[in-house]
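The values are calculated or read from the model by the stated rules, or taken from the named source; none is laboratory data. Note that the structure is predicted; figures quoted are calculated from it, not measured. No Cβ is skipped: glycine too gets one built from the backbone with ideal geometry, and neighbour counts run over all protein chains shown. Areas reflect the complete protein model, heavy atoms only, side chains present, ligands, DNA and RNA absent. Shrake-Rupley method; radii C 1.70, N 1.55, O 1.52, S 1.80 Å.
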Amino acid sequence: MEKAELLQRVFGYSGFRPGQEELIDAALAGRDVFGVMPTGGGKSMCYQLPALMMPGVTLVISPLISLMRDQVMALKAAGVSAAFLNSTLTGAQMQAAYRNLLSGRYKIVYVAPERLDYPGFGSVAEKLNISFVAVDEAHCISQWGQDFRPSYLRIVQFLKELPRRPVVGAFTATATEEVRRDVERILELKDPLRVVTGFDRPNLYFEVVQPEFKDQELLRLLAARKRKSGIVYCATRKKVENVCQMLCDHGYAATRYHAGLPDAERSENQEDFLYDRKTVMVATNAFGMGIDKSNVSFVIHYNMPKSIEAYYQEAGRAGRDGAEADCILLYSGGDVQTARFLINNGSENEELDEVQREAVRQQDLKRLEAMVGYCKTKSCLRGYILEYFGQKHPALCGNCGSCKGEFDQVDITREAQMILSCVKRISDKLGYYVGLSTVARTLRGSRDKRILELGLDQISTYGLLKDRTRSDIHAMIDHLEAEGYLLTEQEHQTLRLTQAAGEVLYRGKTVTMLVEKPQEVETIQAVQKVTGEDAELLDALKELRMELAKKGNIPAFMVFSNATLIDMSKKKPLTMGQFKKVSGVGEIKAAWYGTAFLKCIQRYMDEGRE
Ligand code: ADP
Ligand code: MG
């Protein structure tokens, strides 16, 4: 089956996220790959999809047991035969897993790095047809990363001992150059295709508040997010205990997680959160890596973390499914002291020697400084983060605490049609393309000599935007170029239409743009919030999801993600065919859950008609 078809049929997605397709194609062509994408960017797909298309089996090396279990559960829910090998299996389960593995039953097997040099595993591995080894959370191999795991170093030897070197893929969200170089070097990737996607997560809203009383502020924030699921990160175990208690006292279904709790309680609490039996998880940074719960709709930091890397990774656990989510940091000066104390006294990594430890400490202090900068900046918060990761960004994002209030999302479809059509009319008339300023002047109805000489005052789009300022028009043209509807030809600096422009010109595709709030509202059309989802139906769908999850004994988000339910509530499918068009609905899930959801939607529509 073709990859796009598999993506649709197994995972229910109609298109690839940035970077995915290139990485998948390269791996399928037998080339090593290195994917650097933000948390929630969709790295798993980059090895899961090739795994289904390659002969033999794909090994995924992953640092955390909980992560393996969840991913395997999610794969099984999508109808893929997968398994994991780690210390939680009994001897008999391990033997059974090995047998299945040898008989070719699994396409994807998750393996803990420690397992790689178990003698039993080595002899099984030799007999397998391993096509692809995917190293997830690959930064764990670097001592400069935040989660150095010496066991990751074993991967290299393991690869060397295989009878045939498989395609090797490394995936991480770590953006620093140093760590990236380490990963490639230590893993000995062979001429890998490197894909570093943008780190922006547009669906995340960022805010920093400096409240007088954090508890009160937290309660206020939670009151506004009553039935939503979220994480509250605290710097210390003690804080976790206190905050969790406070939330429970106030009637919240909160639970806690930190390294000081017994294993059994930790995994029970984690499951309660995963399965939505508890809606708020209060935790230290021990909680999270590998938590792929996709419907986390807020991450609140009760304390400032130690670095932007840590913050972005923790905050990034919100909104993985692409639905809108909030990342709010409660800052106080005391947080800086706590963080500094933890850096100076934390002996997190006993495997490092004295010199290495000092180097890491210096680095950590530098990172802390940048984190404090984030809490204090008055400029765009998203911009600050992207800047830190060395990524270009607009001055203002319009969706963070600093930008909000000054910007509106404005529908400029009509203006966009005028501009695109003007570009087309001019080239129709002249037989060649012209530059931005000629287009803008034509739209403004300029009496400029050149415009008149060219006869551009004769075309139908002349003067259509005569009531708009020059800079307005330029900004819109720039925006259309950024959105991919216009293209500047480099040699002559002329503007031309792209194929995508047809969507706007002939098929009425909506174009929106962030515009600074005008002092007086004149020509700009009313703000259009792009929602359209039906809150009531969405609630009914969520209820049904919960029911089905309980029946199947899986977490709710593995039935469908929030993003999928939101899309469903917008599209309101009434037939199985329409149902499969909802983003996130694959063949297997359609077969399992389709009838129930269709019934629910039908009932809702019928009630509406009465
Ligand atoms: P990462 O490992 O990069 O943090 P994941 O692999 O966990 O991210 O993916 C995050 C979410 O995005 C998951 O819910 C996944 O199903 C979803 N996802 C992955 N690829 C796509 C796609 N092409 N279209 C829509 N959603 C996707
Ligand atoms: Mg991942």
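With +1 on each Lys and Arg Cβ and -1 on each Asp and Glu Cβ, and nothing else charged, work out how big the dipole of segment 1-55 is about its Cα centre, in Debye to the nearest 20.
Roughly 160 debye for segment 1-55.
Accessible area per residue for segment 281-394 in Å², computed with a 1.4 Å probe and the full protein assembly in place, what is it? Before the final figure, lay out each step's value.
Details: 4670 Å² over 114 residues.
Accessible area per residue: 41 Å².
Give me the one-decimal nm value for the distance between modelled label points at GLU324 and ARG165, 7 Å along each residue's Cα-to-Cβ direction.
Between GLU324 and ARG165, the label points sit 4.9 nm apart.
Give me the 1.4 Å probe accessible area per residue for segment 533-609, excluding ligands and nucleic acids, in Å². Walk me through the numbers on the way to the answer.
Details: 3790 Å² over 77 residues.
For segment 533-609, the solvent-accessible area averages 49 Å² per residue.
Can you give me the % of accessible surface on the chain that is carbon or sulfur? Probe 1.4 Å, all protein chains present, nothing else counted.
On the way: 13790 of 28260 Å².
Accessible surface attributable to carbon and sulfur in the chain totals 49 percent.
Ranked from highest to lowest mean number of other Cβ atoms within 10 Å per residue, what is the order of the peptides 180-188, 68-76? It would help to have the intermediate numbers written out before the result.
Working: 180-188: 18.0, 68-76: 20.1.
Sorting 180-188, 68-76 by mean packing, highest first, produces 68-76, 180-188.
Which aspartates and glutamates, on any chain, are close to LYS376 with Cα under 14 Å apart, when same-chain ones fewer than 8 places away are left out?
GLU207, ASP335
Going by amide H atoms built from the backbone, whose H comes under 5 Å of the H on THR512, apart from near neighbours?
ILE412
Which peptide among 280-287, 13-20 comes first, and what is the full order, when sorted by highest mean count of other Cβ atoms within 10 Å?
Details: 280-287: 23.6, 13-20: 16.9.
The packing order, highest mean first, is 280-287, 13-20.
Distance from a point 7 Å along Cα→Cβ of THR236 to each backbone N in segment 274-311: keep the residues under 14 Å and list them by number.
Label zone hits: 284, 303-304.
For the chain, build the charge dipole from Cβ charges (+1 Lys, Arg; -1 Asp, Glu) around the Cα centre, then report which of LEU128, MET576, LEU52 sits farthest towards its positive end.
MET576
Order 436-449, 94-107 from most to least packed using the mean count of other Cβ atoms within 10 Å.
Working: 436-449: 18.9, 94-107: 15.4.
Sorting 436-449, 94-107 by mean packing, highest first, produces 436-449, 94-107.
What are the GluC sites (Glu not before Pro) within segment 1-89 that DSSP puts in a loop, where the Cβ has at most 15 other Cβ atoms within 10 Å? All intermediate terms of the calculation are to be shown ahead of the outcome.
Values: sites: GLU2, GLU5, GLU21, GLU22; in loops: GLU2.
Hits after loop and neighbour filter: GLU2.
Provide the per residue accessible area, probe 1.4 Å, for segment 408-516, rounded to a whole number of square angstrom.
On the way: 5730 Å² over 109 residues.
For segment 408-516, the per-residue accessible area is 53 Å².
Restricted to Cα positions, what overall size does segment 1-140 have along the principal axes? Three whole-Å values, descending.
Principal-axis extents of the Cα atoms in segment 1-140, largest first: 41, 31, 28 Å.
What nm value, rounded to one decimal, do you get for the distance between LEU514 and ALA500 when each label is placed 7 Å out toward the C-beta?
Placing both labels 7 Å beyond Cα along the Cβ direction yields 1.7 nm.
How big is the Kirkwood radius of the chain, worked out from every pair of different alpha carbons and given in Å to one decimal? It would help to have the intermediate numbers written out before the result.
Working: mean 1/r = 0.0373 Å⁻¹.
Radius from the Kirkwood sum: 26.8 Å.
In whole Å, largest first, what are the principal axis extents of the Cα atoms in segment 367-459?
So the extents along the principal axes, rounded to whole Å, are 61, 25, 20.
Extending each Cα 7 Å along its Cβ direction at ARG450 and ALA96, get the distance between those two points in nm, one decimal.
7.7
As an exercise, use a Förster radius of 56 Å and the Cβ-Cβ distance of ARG414 and ALA29 to find the FRET efficiency, rounded to the nearest 0.05. The partial results should precede the final answer.
Numbers: r = 45 Å, r/R0 = 0.80.
FRET efficiency, ARG414 to ALA29: 0.80.
Given only helices, namely DSSP H runs of n ≥ 4 each adding -39500 (n - 2.57), what is the per-residue ellipticity at 222 nm of the chain, to the nearest 500 deg cm²/dmol?
Numbers: 25 runs with 276 residues, N = 610.
The helix-only estimate for the chain comes to -13500 deg cm²/dmol at 222 nm.
How much length is gained if the chain between THR595 and ASN203 is pulled fully straight, taking 0.36 nm per residue apart and subtracting their Cα-Cα distance, in nm to one decimal?
Gain on extension, THR595 to ASN203, equals 138.1 nm.
If you add up the charges near ALA235, with Lys and Arg at +1 and Asp and Glu at -1, over every other residue whose beta carbon is less than 10 angstrom from its beta carbon, what do you get? Please list the in-between numbers first.
Values: positive: ARG237, LYS238, LYS239, LYS306; negative: ASP335.
It works out to a net charge of +3.
With r defined as the distance between the Cβ atoms of SER379 and GLU188 and R0 fixed at 60 Å, what FRET efficiency is calculated, to the nearest 0.05? Intermediate results must be reported in sequence, preceding the final value.
Details: r = 41 Å, r/R0 = 0.69.
Calculated transfer efficiency: 0.90.
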